[in-house]
Amino acid sequence: MALTGQPVSLNTTQKIGVLVGMTGLFILVLAMLGVNLGSNAVWLTISLSAIAGGIVIFSKGLYAHKLPGIKNDGVWFKSSSARGVIGWISGISLTGFYVILYFYAEVLGLGQGADGTNTGLVALFDPLSFFLKGSQASQWFMYGTLYTVLILAFGIKFMWKYKHNRYEQLRTASVMFFQTAFAFVLPELMARLNTNDFSLPYNDMKLMWPLNYYAFEQWRVDEFINAGNIGLFFLILGIVMIFVISPFLTYKYGKRWYCSWVCGCGGLAETAGDPYRHLSSKKMSAWKLERWMINVVLVFAVIFTTAVVSTYLGYDSEKYWFTKNTFLISGGAFLVIVFAAVAYWKRDQLKSDAFKGAVVSLVITLGFFVLLGFMDINNIKINASYFSFGLNTQEYGLSDGLRSFYGFGISSIFSGVIGTGFYPILGNRVWCRMGCPMAGILGIQQRLFSKFRITTNGGQCISCGNCSTHCEMGIDVRSYAQKGENIVRSSCVGCGVCSAVCPRGVLKLENDSLEGRINPTQVLLGNDVDLMDYVNNK
């Protein structure tokens, strides 16, 4: 649906692509309805090849013979990409699929056969699952396969569309590689290493805390430790990525190194979600809501993780050197030191509302740390039905309740059902803008400590608005370009599309020194500026 509905009639190649792609989709529908197709391996190969092939064939018919340049015309004239009937049908269909995937996987055939074997759509993926990891498919393996196929196929479409821009091609090739290798193939192959004496938890090798919210749960940490040297390697690597690798790369390149080059959520948004990027709201109210929501999720992720870790640490200081209270005091001290350092060294860049919000967040976090230190939170019972709309009626201890709430409310509903299902309605980066804690923490680093910025040449801007229209993060890029100001926003993922669609070359993605990256004094708007002095000082 995202491919069709062009403002002009389809050519022959595009029609063939639609036919081939719909044939592959029809096979999946038949499998979901329980139709016995015969050899699952053969029909799965045909289906996935037809879906990917149809997208590629359609894309070739759409872009292959066009000259290099901007190809975003007509997006507000198509029902599928302008919140028309097709757009709403797409959104409702995707949302329905995610609800079934997360909460009613038995409808897809999960474990519905004799002795817990799969039937229906999930069974269609069993041959590939047995080939990669040696066991039958789950709904998550099925979803991961489809997810990867879509990123690869729509990635080719995206690269054809932006064939005039080398940055876009390299960035898209990167997310295609990381999704295929690090998020799909390698984790599944590593599952084959598991035996009765050796077991590694499923490990998406590009996913880290806080996006990987279950990274430090007890069962997962125990499995890594029990797996010996290789398990300790992955556990230590996860910690090093959080405190060393990620901050360093963000300092050098901004959050784009992850959000636009590595992340699977960003990869799907940039490829399959590209037709909907212009639907992101640029209203001031949306920006204020975004800042509030994403930082609330980040604070909750910190509290949730601390609560979970504290429940399996020892209490007796004579037996354990790293006790629960030592962990809480160390964590609280670390946050206070970081806050004090930022408040002092970056005080000129912090607006009053941001500073007040940071103070409130710190106080709430430290308050929970104190609460965790004086009581066993698992003695506090919570009924999950109150926050799961009756889908889960179990009673949990507070730490398990937090885990259940985070998994249901944020990981499932927000990132899945709303974040992806609402592409055709709210744009392709709803999750990244409003709810991703990884985007939140990288955004803070990017705003205050990164060399990345988008420079502008205001004297060349013709105020066409292409940059703002196609900014998936809801940034009014044109307002910066008109004034010749550098764009340094915590929400910017550095996708570079604003630069790619600019007909005048006004915008440029750069990594430079921290000095002068925000609110530069040299504004090129045709004023009397000593350009040589500007260049020499630079």
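The values are calculated or read from the model by the stated rules, or taken from the named source; none is laboratory data. Treat the numbers as computed from the prediction; the structure is a model and nothing was measured. Don't worry about glycine lacking a Cβ; one is built from the backbone with ideal geometry, like all the others, and counts go over all protein chains shown.
I'd like the full set of residues that are surrounded by fewer than 21 Cβ atoms within 10 Å (Cβ to Cβ), of a type in the set (A, V, I, L, M, F, W, C) and either within 18 Å of Met205 (Cα to Cα) or within 18 Å of the chain's Cα centre (by Cα) (or both), limited to the stretch 153-177. Matches in the stretch 153-177: Ala173, Phe177.
Can you confirm whether the stretch 433-453 contains a residue that is under 27 Å from Arg504 (Cβ atoms), surrounded by fewer than 20 Cβ atoms within 10 Å (Cβ to Cβ) and not polar (S, T, N, Q)? Checked the stretch 433-453: at least one residue is under 27 Å from Arg504 (Cβ atoms), surrounded by fewer than 20 Cβ atoms within 10 Å (Cβ to Cβ) and not polar (S, T, N, Q). Within the stretch 330-346, residues that are surrounded by 11 or more Cβ atoms within 10 Å (Cβ to Cβ) sit with their Cβ atoms under 6 Å from residues that are part of a helix (DSSP H, G or I) and aliphatic (A, V, I, L, M), at 6+ positions apart or across chains, in these pairs: Gly332/Leu366; Phe339/Leu362; Lys346/Leu448.
Please specify each residue of the stretch 486-519 satisfying the condition of being crowded, with 19+ Cβ neighbours inside 10 Å, hydrophobic (A, V, I, L, M, F, W, C) and in a loop (DSSP other than H, G, I, E, B). Passing the criteria: Val488, Cys492, Val493, Cys495, Val501, Cys502, Val506.
Within the option set Leu211, Leu235, Leu132, being crowded, with 17+ Cβ neighbours inside 10 Å, assigned to a loop (DSSP other than H, G, I, E, B) and either out of contact with any Ser or Thr (no Cβ under 9 Å at 6 or more places or on another chain) or not assigned by TED's automatic domain parsing to the domain that holds Leu33 (or both) holds for one residue only, Leu211. Of everything listed in (1) at pLDDT 90 or above; (2) assigned to a helix (DSSP H, G or I), the single unmet condition for Trp261 is (2).
Among Gly34, Gly24, which is in contact with a helix residue (DSSP H, G or I) (Cβ under 7 Å, 6 or more places away or on another chain), in the same structural domain as Ile156 (by TED's automatic domain parsing) and in a loop (DSSP other than H, G, I, E, B)? Talk me through it step by step, then tell me what you get.
Working: Gly24 fails: in a loop (DSSP other than H, G, I, E, B).
Testing whether each residue is in contact with a helix residue (DSSP H, G or I) (Cβ under 7 Å, 6 or more places away or on another chain), in the same structural domain as Ile156 (by TED's automatic domain parsing) and in a loop (DSSP other than H, G, I, E, B) leaves just Gly34.
What residue, of Thr195, Thr180, is among the hydroxyl-bearing types (Ser, Thr, Tyr) and without any contact (Cβ under 8 Å) to a residue 24 or more places away in the chain? Quick ask: steps written out before the conclusion?
Working: Thr180 fails: without any contact (Cβ under 8 Å) to a residue 24 or more places away in the chain.
When all the criteria are applied, what remains is Thr195.
Selection of the stretch 211-258 for residues being over 28 Å from Met176 (Cβ atoms), among the aromatic types (Phe, Trp, Tyr) and at pLDDT below 90 yields Phe216, Trp219, Phe224. Among the residues of the stretch 346-363, those that are under 17 Å from Gly440 (Cα atoms) and β-branched (Val, Ile, Thr) comprise Val359, Val360. Meeting the requirement of 1 or more residues that are at pLDDT 75 or above, the helices (runs of 4 or more DSSP H) wholly within the stretch 374-446 are 423-426, 430-434.
In summary, Met241 fulfils each of the numbered conditions (1) in a helix (DSSP H, G or I); (2) loosely packed, with under 15 Cβ neighbours inside 10 Å with the single exception of condition (2). Apart from one condition, Tyr534 fits all of (1) more than 21 Å from Arg277 (Cβ to Cβ); (2) at pLDDT 90 or above; (3) not in a loop (DSSP other than H, G, I, E, B); the exception is (2). When each of Leu101, Leu150, Leu121 is tested for being over 25 Å from the mean Cα position of the chain (by Cα), surrounded by 17 or more Cβ atoms within 10 Å (Cβ to Cβ) and not in a loop (DSSP other than H, G, I, E, B), the lone residue that passes is Leu121.
On inspection, Lys66 qualifies as among the basic types (Lys, Arg) and either closer than 18 Å to Phe158 by Cα or modelled with pLDDT of 95 or more (or both). Restricting attention to the stretch 283-314, the residues being closer than 30 Å to Gly84 by Cα and either within 15 Å of the chain's Cα centre (by Cα) or surrounded by 18 or more Cβ atoms within 10 Å (Cβ to Cβ) (or both) number 4. Every test in (1) in contact (Cβ under 8 Å) with a residue 40 or more places away in the chain; (2) over 22 Å from Leu170 (Cα atoms) is passed by Met241 save one, and that test is (1).
Number of residues in the stretch 100-138 that are over 23 Å from Val185 (Cα atoms) and of a type in the set (D, E, K, R) equals 2.
Would you confirm whether any residue within the stretch 100-119 is in contact (Cβ under 8 Å) with a residue 40 or more places away in the chain and under 29 Å from Cys495 (Cβ atoms)? Within the stretch 100-119, one or more residues are in contact (Cβ under 8 Å) with a residue 40 or more places away in the chain and under 29 Å from Cys495 (Cβ atoms).
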